[in-house]
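The values are calculated or read from the model by the stated rules, or taken from the named source; none is laboratory data. This is a predicted model, so every value here is computed, not measured. Here Cβ is always computed from backbone atoms with ideal geometry, including for glycine, and neighbour counts include all displayed protein chains. Side chains included, ligands, DNA and RNA excluded: accessible areas come from the protein's heavy atoms. Shrake-Rupley method; radii C 1.70, N 1.55, O 1.52, S 1.80 Å.
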Amino acid sequence: MADRTSSSITIKAAKADIMAVIADLEAYPEWASGIREFTVQETGPDGRALRGRLTFDGGPFSDTVGLAYTWDGDDRVSWELVEKGTVVTGLHGTYALAEAGGATEVTYELAVDVRVPMIGMVKRKGEKRIIDSALKGLQRRVER
């Protein structure tokens, strides 16, 4: 899973406020297009998810996968696939937050592997669509 796709957006809010929205994984279906359900299976001492199950409907593919999360305060969260789905065989993602002059720059990085053979360019285009949609949904949710 060497190839990763990333994109950034500037949100007019503090890092802690943005990370609070990101950490509320079970609310993703309300603002992240394509996410049908998220169930937190285990939380850490800070109340943030350590493991969860994600069900998504990504156009031609729908799947349910298990994810493990690693949190670095309000600066970064990363997740890895720990339970493969019927389509998704590999997944790594991160949100990284950095203060930017009264706002916060949010960078989302994603790499997905699927059972179906896919040309790299097509795969990256799909990842880019997921990332851009998630960042815009996050911005709308935080700034509302």
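Observations
- Per residue, the range 1-45 exposes an accessible area of 56 Å² to a 1.4 Å probe, with every protein chain left in place.
- Residue-wise HN-Hα couplings along the range 27-35, as the Karplus relation 6.51 cos²θ - 1.76 cosθ + 1.60 with θ = phi - 60° gives them from phi, are 8, 3, x, 6, 9, 9, 4, x, 8 Hz; Gly and Pro carry x.
- The chain: calculated mean residue ellipticity at 222 nm from DSSP helix runs of at least 4, using -39500 (n - 2.57): -8000 deg cm²/dmol
- Computed from Cα positions, the angle between helix 120-143 and the longest principal axis of the chain comes to roughly 30 degrees.
- Sequence-distant lysines (8 or more away, or on other chains) whose Cα lies within less than 16 Å of Lys128: Lys136
- Most positive-pole-ward Cα, Ala98, Ser133, Pro45, against dipole of the chain from beta carbon charges: Ser133
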